[in-house]
Amino acid sequence: MAKRKTKFVCQECGHESSGWMGRCAGCGDWNTLIEEQMPGPAPSGGPGHWALGPSLPDAATVVPLSDIAAEDQQRLSSGLSELDRVLGGGFVPGSLILIGGDPGIGKSTLLLQCLAATGSRQSVLYVSGEESPRQIRLRADRLQVGNAPINLLAATDYATIMDTLARKKPDLAVIDSIQTIYSTELSSAPGSVAQIREATAGLLRVAKGLGTIIVLVGHVTKDGAIAGPRVLEHMVDTVLYFEGERHMRYRMLRCVKNRFGATDELGLFEMTDRGLLAVDNASMALLSGRPLQVPGSAVTSCMEGTRPLLIEVQALLQPSAYGAPQRMTQGLERNRVTMLLAVLDKQFQFGLGNMDTYVNVVGGLRVNEPAIDLCALAAVVSSYKNEPLRPNCLVFGEVGLAGEIRSVSQAERRVQEAVRQGFNTFILPGSCRTALDKLSLPDQCDLFYVDKIGEAMDILFSGGDTQHVS
Ligand code: TYD
Ligand code: MG
């Protein structure tokens with residue numbers, strides 16, 4: 001009998017090699033190559049038959065771009081306003097969407113709510129390889145949508161799922177999760193690169209062929225990437241990440257790839273005992289319960305897509321008990337905070353090298369925008385001096401290595417949002433002056449334009465109305 005040919009495939013990046021290697025030549029990761037059997041020759045004329053020659057199908061006709069009708073594709077609302085916002089206005093028919101996130105973050109809950117909300121208007125199918133129909137029913141009861149017209153299929157077999165999709169032709173289908181789908185044609189284990197790639201390719205054909213919207217749930221690895229090869233992210237139209245701290249109330253839905261819309265929108269949900277609720281006034285929700293007039297707390301305005309969000313940054317400084325001081329951050333990049341502390345120390349010689357420093361974005365939000373820099377430093381100095389900031393004060397601005405305050409985008413929208421939430425003192429980069437001069441603000445608003453960290457700190461801490469909290 002002829003020996004069956006095998007190849008070695010990296011489970012992280014999909015790189016293929018004919019022999020085993022300890023380190024993948026594609027992505028450089030160690031011990032990620034797994035042996036897989038090569039598929040046999042594809043039957044001629046079947047899918048996967050790409051031989052050039054006279055047998056090319058007639059369907060491969062070339063059309064001029066201008067001849068294609070340009071009418072706007074009708075989007076399908078997901079029934080959840082925040083999900084629609086992240087998708088860029090709803091689902092586009094025939095699109096393949098991937099939702100990744102930590103276990104227990106609420107992916108299955110979100111999608112079940114979405115199906116329940118759309119089920120009365122469209123035919124929807126929930127394919128679960130992780131939970132039994134009974135478990136799904138229990139969850140639906142908890143979400144109070146137990147009687148919603150949703151078709152369920154508990155299956156992991158690739159052929160069964162494809163067959164059901166082809167027969168039922170749903171408008172919207174959810175596959176929970178892509179890692180559980182198993183094709184008996186392939187010898188590798190469920191969740192391996194070959195299985196995931198095969199399943200996704202098949203589902204892509206269904207989505208494009210039947211116009212079905214397919215949402216895939218993908219698990220994430222320890223370092224936060226969607227498990228399996230990156231090819232998965234390349235194949236789908238939209239990639240969403242569901243994030244947040246599991247023990248906190250708020251969940252953020254972020255888009256990292258979108259062929260049909262912007263990628264920087266953020267959807268904000270609150271996990272309640274009746275499932276996920278869209279958060280309407282996000283700034284108010286994120287600032288609720290904020291301690292007023294305590295040292296180490298500052299508020300800034302961040303742009304999340306088209307929406308400004310007010311968030312609180314907290315800092316705590318303590319003399320270090322050990323040789324190497326701790327630098328802990330939550331919601332902010334640790335290296336960025338370390339750099340900001342170095343800038344601060346260079347300017348003021350606070351001796352932060354002997355201080356443990358903790359900086360935290362409240363609410364479980366993760367912020368990558370440099371506009372938060374000045375706010376983080378205001379919170380740090382406030383904790384260092386044990387003195388609260390001026391009341392109702394909003395701080396934003398990027399901080400450079402020389403201690404200069406640099407411009408940020410959309411300053412007027414950030415300020416407007418803060419005014420709506422009752423803030424009346426603003427510390428902002430000098431270069432934003434022209435943008436803000438055009439804005440008509442209430443009389444009691446004070447705008448302080450600063451070019452150096454020192455100027456900002458003078459305004460924040462020298463005010464006569466600042467009270468010392470003992
Ligand atoms: P789930 O959707 O199962 O997460 P995933 O599919 O991403 O793994 O979410 C489960 C978590 O959500 C679980 O910790 C319980 C919590 N939860 C609520 O707090 N309220 C609810 O109404 C539901 C259905 C779940
Ligand atoms: Mg789940």
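The values are calculated or read from the model by the stated rules, or taken from the named source; none is laboratory data. Everything numeric in this text was worked out from a predicted model, so none of it was measured. Ideal geometry is used to build each Cβ from the backbone, glycine not excepted, and the neighbour counts take in all protein chains shown. Only protein heavy atoms, including side chains, enter the accessible area calculation; ligands, DNA and RNA are left aside. Shrake-Rupley method; radii C 1.70, N 1.55, O 1.52, S 1.80 Å.
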message = Regarding region 240-252, can at least one residue be identified that is surrounded by 19 or more Cβ atoms within 10 Å (Cβ to Cβ), away from ligand 1 (no atom under 13 Å from the Cβ), modelled with pLDDT of 90 or more and not in a loop (DSSP other than H, G, I, E, B)?
response = no
message = Just checking, does region 356-364 include any residue being surrounded by fewer than 14 Cβ atoms within 10 Å (Cβ to Cβ) and either out of contact with any Gly (no Cβ under 9 Å at 6 or more places or on another chain) or touching a residue at least 12 places away in the same chain (Cβ under 8 Å) (or both)?
response = no
message = When you check Glu387 against the structure, is it in contact with a His (Cβ under 7 Å, 6 or more places away or on another chain) and in the same structural domain as Leu310 (by TED's automatic domain parsing), yes or no?
response = yes
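Looking at the structure I just gave you, is Gln135 assigned by TED's automatic domain parsing to the domain that holds Thr238, in a loop (DSSP other than H, G, I, E, B), loosely packed, with under 15 Cβ neighbours inside 10 Å and within 16 Å of ligand 1 (Cβ to nearest atom)? Spell out how you get there, then give the answer.
Values: assigned by TED's automatic domain parsing to the domain that holds Thr238: yes; in a loop (DSSP other than H, G, I, E, B): no; loosely packed, with under 15 Cβ neighbours inside 10 Å: yes; within 16 Å of ligand 1 (Cβ to nearest atom): yes.
Here the answer is no, as Gln135 does not meet what is asked.
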request  = May I ask you to list the residues in region 408-428 that are free of Cβ contacts under 8 Å to residues at least 40 places away in the same chain, of a type outside the set (Phe, Trp, Tyr) and surrounded by 15 or more Cβ atoms within 10 Å (Cβ to Cβ)?
outcome  = Val408, Ala411, Glu412, Val419, Asn424, Thr425, Leu428
ask   = Somewhere in region 383-390, is a residue at pLDDT 95 or above, touching a Pro at 6+ places or on another chain (Cβ under 7 Å) and surrounded by fewer than 20 Cβ atoms within 10 Å (Cβ to Cβ)?
value = no
task = Considering each of Ala207, Ala116 in turn, give the residue that is touching a residue at least 40 places away in the same chain (Cβ under 8 Å), assigned to a helix (DSSP H, G or I) and either under 30 Å from Glu35 (Cβ atoms) or not β-branched (Val, Ile, Thr) (or both).
result = Ala207
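Using the structure shown, decide if Asp141 is open to solvent by 30 Å² or more (accessible area, probe 1.4 Å), of a type outside the set (Phe, Trp, Tyr) and within 14 Å of ligand 1 (Cβ to nearest atom). Give the derivation first.
Working: open to solvent by 30 Å² or more (accessible area, probe 1.4 Å): yes; of a type outside the set (Phe, Trp, Tyr): yes; within 14 Å of ligand 1 (Cβ to nearest atom): yes.
It is true that Asp141 is open to solvent by 30 Å² or more (accessible area, probe 1.4 Å), of a type outside the set (Phe, Trp, Tyr) and within 14 Å of ligand 1 (Cβ to nearest atom).
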ask   = Is it true that some residue in region 103-112 is within 15 Å of ligand 2 (Cβ to nearest atom) and open to solvent by 40 Å² or more (accessible area, probe 1.4 Å)?
value = yes
ask   = Which condition number does Ile68 fail, the rest of (1) open to solvent by 70 Å² or more (accessible area, probe 1.4 Å); (2) modelled with pLDDT of 85 or more being met?
value = (2)
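Given the structure, is Val9 open to solvent by less than 80 Å² (accessible area, probe 1.4 Å), assigned to a strand (DSSP E or B) and modelled with pLDDT of 80 or more? Before you say what the answer is, go through the steps one by one.
Values: open to solvent by less than 80 Å² (accessible area, probe 1.4 Å): yes; assigned to a strand (DSSP E or B): yes; modelled with pLDDT of 80 or more: yes.
So Val9 passes the test.
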key: Within region 259-285, tally of residues that are more than 14 Å from Glu82 (Cβ to Cβ) and open to solvent by less than 20 Å² (accessible area, probe 1.4 Å)   = 1
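Which residue out of Val86, Val92, Val127 is touching a residue at least 24 places away in the same chain (Cβ under 8 Å), within 16 Å of ligand 2 (Cβ to nearest atom) and open to solvent by less than 20 Å² (accessible area, probe 1.4 Å)?
Answer to the selection: Val127.
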